[in-house]
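The values are calculated or read from the model by the stated rules, or taken from the named source; none is laboratory data. A quick note: this is a predicted structure, and the numbers were derived from the prediction, not measured. Glycine also receives a Cβ, built like all others from the backbone with ideal geometry; neighbour counts cover every protein chain displayed. The accessibility values were calculated without ligands, DNA or RNA, using every heavy atom of the protein model including side chains. Shrake-Rupley method; radii C 1.70, N 1.55, O 1.52, S 1.80 Å.
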Amino acid sequence: MLSYIIRRTLMAIPLLLGITVVSFAIMKFAPGDPTSLMMDPTISQADKAKFMERYGLNDPVYIQYFKWLGAMLQGDFGTSLIRKGVPVMEMIMNRMPNTILLMVVSTMLAVVISIPFGVISATKAYSKLDYSVTITSFLGVATPNFFLGLILIMVFAVQLNWFPTGGVSTLNEPFSIWDRIHHLFLPAFVLAAADMAGLTRYTRSSMMEVIKQDYIRTARAKGFKEQKVIYKHGLRNGLIPVITIFGLMIPSFIGGAVIVEKIFTWPGIGLLFVDSAFQRDYPVIMGLTVISAVFVVIGNLVADILYAIFDPRIEY
Amino acid sequence: MTALLELKNLKTYFKRKKIEIPAVDGVDLVINKGETVALVGESGSGKSITSLSIMRLIPSPPGRIVDGQINFNGQDLAKLTEDELCKIRGNDISMIFQEPMTSLNPVLTVGEQITEVLTYHQGMSKTMAKKKAIEMLELVGFSRAKEIVDDYPHRLSGGMRQRVMIAMAMSCNPKLLIADEPTTALDVTIQAQILDLMKDLSKKFETSILIITHDLGVVSEIADRVVVMYAGQVVEEALVEDLFENPLHPYTEGLMGSVPSIEEDLDRLKSIEGNVPAPENLPAGCRFAPRCPHKFDRCTAEMPQLLKINETRAARCFLYDSKEVPQ
Ligand SMILES: Nc1ncnc2c1ncn2[C@@H]1O[C@H](COP(=O)(O)OP(=O)(O)O)[C@@H](O)[C@H]1O
Ligand SMILES: [Mg+2]
């Protein structure tokens, strides 16, 4: 098992390198270069050349890439162009805990809600309950994050005043868990919603397949109650394909986090990304791109490992 | 001899497009203590549905036991609640199936799948149950039982998995073992080993067996008594020697005639033309009449009853209705 984990981790390295090349290239060749943004348009040619020299912008592209990569491997993502002198790493790390909190909570929310609903939907297939779950899931899939977010803010924050409209905590109040949960609820729910819908559907179809299997009949013939048949003998089999789907959902989940953070002004790396993109703060954008790529790769790695744990037929 | 299981007029119907299809249509069947009874017939004659009815595991909807009694050990299983049935299944009556490759749960170890029955029905502790599981695996012929117990099913061959199923089924010392075509999916040599094992265990544990098969070789190997089914009904009943010596019902005769080698599959009958009628499309009169070489007028007009010929024999055929046999 351990060797499998190590092997899978090593296999992720070329992928990550590829991602750094692509993200570097996109930044490099995107229209609008940092010099035009950072400097007074009336600056002299000599001063501009000096600036280009200082930031290494005259080096050949591949040298720039390797310099950037080398520094990054040491945790140095450069400094922000906008907030002069602040290291990108520091900016990202300041925001990271908020994003991790949001993602972990909404993942848990999605899993805890959608798996039981998917299972019930499968065991009571074509019942009224199943139809309501199905319709709700389709609505969930079809509703864009930002739209759902705005609706919820309008209803639950503005009109009913049950939740704050955004942010991580109430201004000028000491930290409290309750206050954090209060702020977290809507963004976590919105971020979970899209995944919830998909996961419920996949759990349902996977469980529908599983309950037709011979080993379920065997479990019934052993005298187990329906609950035990479904949850002990069925669910562990039913979750195997769901784990794969879950791994595939991670990128869109990160994309969703960017939007949700923007809507709820949740100060995580997603919000940082949006702000930096508008300000063309290249070092920050590149740092964030690489970090989210790492997230995706780690997410898939975890999914693969879970898959191997759940399915003893996988030889590793 | 005392009856352990007695089916009386069992009717199990399936609902399909608003009509009820008689998959099992008035089956009477007795299994005595310690006896091995074979239920024989072509595919689609209702053997599996009969056995699942005994277990009360008919998928519902669409299936339903519409009538009859399933008297087992002084109780009518047809009347029990789900909770009461859960105490009997796997404990007093256990079942093994045709498909050893898919009947074990792929994500649980062999040991877990045996011990869970013991902890559930017998209230054993986990360690006790594991010890017993190893014992059972040794009993069904695993020499490396201590290792097999922690293996997952996918590492075992079909024959080994069927042994595991048998170990699991026998672990609570059931009064009745139902085996639905337990050897059909296995190689011939493995088949013989599995049958021997079942014979041994049934003696050792005094377990009655209902074995479902369409292989007359299996019947002669293991059964004391044979019940032949056709289109949801019992058409003949006999001690195994009597049946092979002198089959009464033309259908049984056909089955015998179609067995050039004793291993031949009944699915590919050569001497009986045609197929089992679908239960939604049964002929009036005798259900075998359209395929019967001996049929006469009465056969297509009237349904024959299961006629008792002597203490151990019965046949559903007008040929044995003495006053009615034409010349
Ligand atoms: N799940 C089901 N739904 C509808 N009809 C069924 C179902 N299972 C069995 N039947 C009907 O019952 C008949 C008997 O089936 P079965 O008992 O499996 O035959 P066999 O003798 O081959 O074991 C079949 O011909 C089929 O029409
Ligand atoms: Mg069958």
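Computed values, structure above
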quantity: Residue, farthest from ligand 1 (Cβ to nearest atom), within region B:69-81, restricted to residues that are open to solvent by less than 20 Å² (accessible area, probe 1.4 Å) and not β-branched (V, I, T); calculated: B:F72
quantity: Residues satisfying the stated conditions in region B:279-292, i.e. surrounded by fewer than 18 Cβ atoms within 10 Å (Cβ to Cβ) and modelled with pLDDT of 85 or more; calculated: B:L282, B:P283, B:A284, B:P290
quantity: From the options B:A133, B:A129, residue that is within 26 Å of the chain's Cα centre (by Cα) and open to solvent by less than 40 Å² (accessible area, probe 1.4 Å); calculated: B:A133
quantity: Answer residue from region B:48-63, given it is open to solvent by 10 Å² or more (accessible area, probe 1.4 Å) and over 12 Å from B:L10 (Cβ atoms) and is nearest to ligand 1 (Cβ to nearest atom) among those; calculated: B:S48
quantity: Residue within region B:233-249 that is assigned to a helix (DSSP H, G or I) and under 30 Å from B:A167 (Cβ atoms) present; calculated: yes
quantity: Failed item in (1) out of contact with any Phe, Trp or Tyr (no Cβ under 8 Å at 6 or more places or on another chain); (2) surrounded by 13 or more Cβ atoms within 10 Å (Cβ to Cβ); (3) not hydroxyl-bearing (S, T, Y), with A:M89 passing the rest; calculated: (1)
quantity: Pair list, Cβ under 8 Å, 6 or more apart: region B:194-215 residue part of a strand (DSSP E or B) and at pLDDT 90 or above, other residue within 16 Å of ligand 1 (Cβ to nearest atom) and open to solvent by 20 Å² or more (accessible area, probe 1.4 Å); calculated: B:I212/B:S48; B:T213/B:T184
quantity: Residue match in region A:274-288 (condition: out of contact with any Asp or Glu (no Cβ under 8 Å at 6 or more places or on another chain) and within 20 Å of A:L184 (Cβ to Cβ)); calculated: no
quantity: Residues that are open to solvent by 20 Å² or more (accessible area, probe 1.4 Å), in a loop (DSSP other than H, G, I, E, B) and within 14 Å of chain B (Cβ to nearest Cβ), drawn from region A:271-316; calculated: A:P312, A:R313, A:I314, A:E315, A:Y316
quantity: Residue match in region B:64-73 (condition: among the β-branched types (V, I, T), within 11 Å of chain A (Cβ to nearest Cβ), in contact with a Phe, Trp or Tyr (Cβ under 9 Å, 6 or more places away or on another chain) and not in a helix (DSSP H, G or I)); calculated: no
quantity: Residue within region A:233-243 that is open to solvent by less than 60 Å² (accessible area, probe 1.4 Å), outside any helix (DSSP H, G or I) and at the interface with another protein chain (Cβ under 8 Å from one of its Cβ atoms) present; calculated: no
quantity: Test: B:K11 is within 8 Å of ligand 1 (Cβ to nearest atom) and either buried (at least 17 other Cβ atoms within 10 Å of the Cβ) or not assigned by TED's automatic domain parsing to the domain that holds B:E181 (or both); calculated: no
quantity: So A:T136, is it touching a helix residue (DSSP H, G or I) at 6+ places or on another chain (Cβ under 6 Å) and open to solvent by 30 Å² or more (accessible area, probe 1.4 Å); calculated: no
quantity: Region B:74-133, residues that are more than 9 Å from chain A (Cβ to nearest Cβ), out of contact with any Gly (no Cβ under 7 Å at 6 or more places or on another chain) and among the aliphatic types (A, V, I, L, M); calculated: B:L77, B:L80, B:V110, B:I114, B:L118, B:M124, B:M128, B:A129
quantity: Some residue of region B:15-37 being open to solvent by 40 Å² or more (accessible area, probe 1.4 Å), assigned to a helix (DSSP H, G or I) and either more than 14 Å from chain A (Cβ to nearest Cβ) or within 16 Å of ligand 2 (Cβ to nearest atom) (or both); calculated: no
quantity: Complete set of residues in region A:180-196 that are over 16 Å from the mean Cα position of the chain (by Cα) and open to solvent by less than 10 Å² (accessible area, probe 1.4 Å); calculated: A:L186
quantity: Cross-chain or 6+ apart pairs with Cβ under 7 Å, region B:169-187 first and in contact (Cβ under 8 Å) with a residue 12 or more places away in the chain and farther than 23 Å from B:V30 by Cα, then away from ligand 1 (no atom under 16 Å from the Cβ) and among the charged types (D, E, K, R); calculated: B:S171/B:K132
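Residue by residue, here is whether (1) within 19 Å of the chain's Cα centre (by Cα); (2) open to solvent by 10 Å² or more (accessible area, probe 1.4 Å) holds:
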| residue | (1), (2) |
| --- | --- |
| B:N173 | yes, yes |
| B:V188 | no, yes |
| B:E206 | yes, yes |
| B:L216 | yes, no |
| B:G232 | yes, no |
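Every residue, every condition in (1) away from ligand 1 (no atom under 16 Å from the Cβ); (2) assigned to a helix (DSSP H, G or I), yes or no:
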{"site": "B:D83", "(1), (2)": "yes, yes"}
{"site": "B:M95", "(1), (2)": "no, no"}
{"site": "B:P106", "(1), (2)": "yes, no"}
{"site": "B:L118", "(1), (2)": "yes, yes"}
{"site": "B:G123", "(1), (2)": "yes, no"}
